[in-house]
Amino acid sequence: NEPFTPYAELAAEDQRLDNAEAKFQVSLKVPLAQDFLMEDATVWVGYTQLSLWQVYNSDASAPFRETNYEPEIFWSLDTHGDWLDTPLQKFSLGFTHQSNGRGAALSRSWNRIYANFVWADDKWAVGLKPWYRIPEDESDDDNPDISDYLGYGDMTFAYKYNELTFTTLLRNNMRSEDNKTSANVTMSFPLPGRLSGYVEYVNGYGETLIDYNHRNKRIGVGFVLNDWF
């Protein structure tokens, strides 16, 4: 509820929001050019949509509380686990735009260029994704302090133990004063068919853009089609 309380015109909606809601994400990518600039390098376009849906809130007609849209384009090199004597599997460079499609006071968006490194072996994987936010005109910037909360990159750790897969995504704003850390911890396990069961704990900022400067704590249970690795 907190992101909506400063706006008087949304006060009534704010009072109707439930703590229980559904979260779902769809991500896809399509290759544009293969062996681009060098062998085993591919240019991709991708799209991710993440929604928080008040599906159980029949009193408010089950609205979508927030939806984020993230198109991107990136160049990715498959290094085959042999780079400077380290198990680096992939290296990527890309541009991404993320916004929530809203107007006026609830509008949130930012543009970034990023690098992405993925080291992996049979049972573990580590992802390092530093980014640089492309500056905007002050008059057009809906969230000028977003880096104060989300920092300048994230790290993902994954470990497979028998049939269980554990992942942790971490962010930190890299400040000695007013330090802010965010974490997303998940566990997945196989189900019949192609689905996996999924348990998630979130504690931090930026799960969606409307919450970028509000700390959320949530636990969720559901399923995932494609796991991290």
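Tabulated values for the structure
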{"quantity": "Given (1) open to solvent by less than 30 Å² (accessible area, probe 1.4 Å); (2) farther than 23 Å from PRO130 by Cβ, number of the condition GLY94 does not satisfy", "calculated": "(2)"}
{"quantity": "Boolean, ASP121 is open to solvent by 40 Å² or more (accessible area, probe 1.4 Å) and in contact (Cβ under 8 Å) with a residue 24 or more places away in the chain", "calculated": "yes"}
{"quantity": "Count - residues of region 186-229 that are part of a helix (DSSP H, G or I) and in contact with a Ser or Thr (Cβ under 8 Å, 6 or more places away or on another chain)", "calculated": "1"}
{"quantity": "Only one of TYR69, TYR47, TYR114 that is open to solvent by 60 Å² or more (accessible area, probe 1.4 Å), at pLDDT 95 or above and touching a Pro at 6+ places or on another chain (Cβ under 7 Å)", "calculated": "TYR47"}
{"quantity": "Residues within region 196-225 that are open to solvent by 20 Å² or more (accessible area, probe 1.4 Å) and of a type in the set (Ser, Thr, Tyr), tallied", "calculated": "4"}
{"quantity": "Residues satisfying the stated conditions in region 54-102, i.e. more than 23 Å from ASN216 (Cα to Cα) and assigned to a loop (DSSP other than H, G, I, E, B)", "calculated": "SER61, THR79, HIS80, GLY81, ASP82, LEU84, ASP85, PRO87"}
{"quantity": "Contacts under 7 angstrom Cβ, first residue in region 85-105 being touching a residue at least 24 places away in the same chain (Cβ under 8 Å) and more than 22 Å from GLY46 (Cβ to Cβ), partner part of a strand (DSSP E or B) and open to solvent by less than 50 Å² (accessible area, probe 1.4 Å), 6 or more apart", "calculated": "PRO87/ALA120"}
{"quantity": "Count of region 167-195 residues which are out of contact with any Gly (no Cβ under 9 Å at 6 or more places or on another chain), farther than 22 Å from TYR132 by Cβ and surrounded by fewer than 18 Cβ atoms within 10 Å (Cβ to Cβ)", "calculated": "7"}
{"quantity": "Odd one out for TYR56, checked against (1) over 27 Å from ILE146 (Cβ atoms); (2) open to solvent by 60 Å² or more (accessible area, probe 1.4 Å); (3) out of contact with any Asp or Glu (no Cβ under 8 Å at 6 or more places or on another chain)", "calculated": "(3)"}
{"quantity": "Total residues in region 175-199, condition among the aliphatic types (A, V, I, L, M) and over 15 Å from GLU163 (Cβ atoms)", "calculated": "2"}
{"quantity": "ASP178 under 30 Å from ALA105 (Cα atoms) and either in contact with a helix residue (DSSP H, G or I) (Cβ under 9 Å, 6 or more places away or on another chain) or among the hydrophobic types (A, V, I, L, M, F, W, C) (or both)", "calculated": "yes"}
{"quantity": "Residues being open to solvent by 30 Å² or more (accessible area, probe 1.4 Å), part of a strand (DSSP E or B) and more than 23 Å from ASN179 (Cβ to Cβ) - total across region 124-148", "calculated": "1"}
{"quantity": "Condition broken by VAL202, with the remaining ones in (1) in contact with an Asp or Glu (Cβ under 7 Å, 6 or more places away or on another chain); (2) over 22 Å from ASN111 (Cα atoms) satisfied", "calculated": "(1)"}
{"quantity": "Candidate set from region 33-44 (those that are among the hydrophobic types (A, V, I, L, M, F, W, C) and assigned to a loop (DSSP other than H, G, I, E, B)); member that is most open to solvent (accessible area, probe 1.4 Å)", "calculated": "LEU37"}
{"quantity": "Where a residue in region 16-41 is more than 24 Å from SER58 (Cα to Cα) and its partner, wherever it lies, is part of a loop (DSSP other than H, G, I, E, B) and open to solvent by less than 70 Å² (accessible area, probe 1.4 Å), with Cβ under 9 Å and at least six apart", "calculated": "GLN34/ASP40; ASP40/THR79"}
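The values are calculated or read from the model by the stated rules, or taken from the named source; none is laboratory data. Only a predicted model underlies this, so the values are computations on that prediction, with no experimental measurement involved. Positions of Cβ are generated from backbone atoms using ideal geometry, with glycine treated the same way; all protein chains shown enter the neighbour counts. Quick note on the areas: whole protein, heavy atoms, side chains included, nothing else; ligands and nucleic acids left out. Shrake-Rupley method; radii C 1.70, N 1.55, O 1.52, S 1.80 Å.
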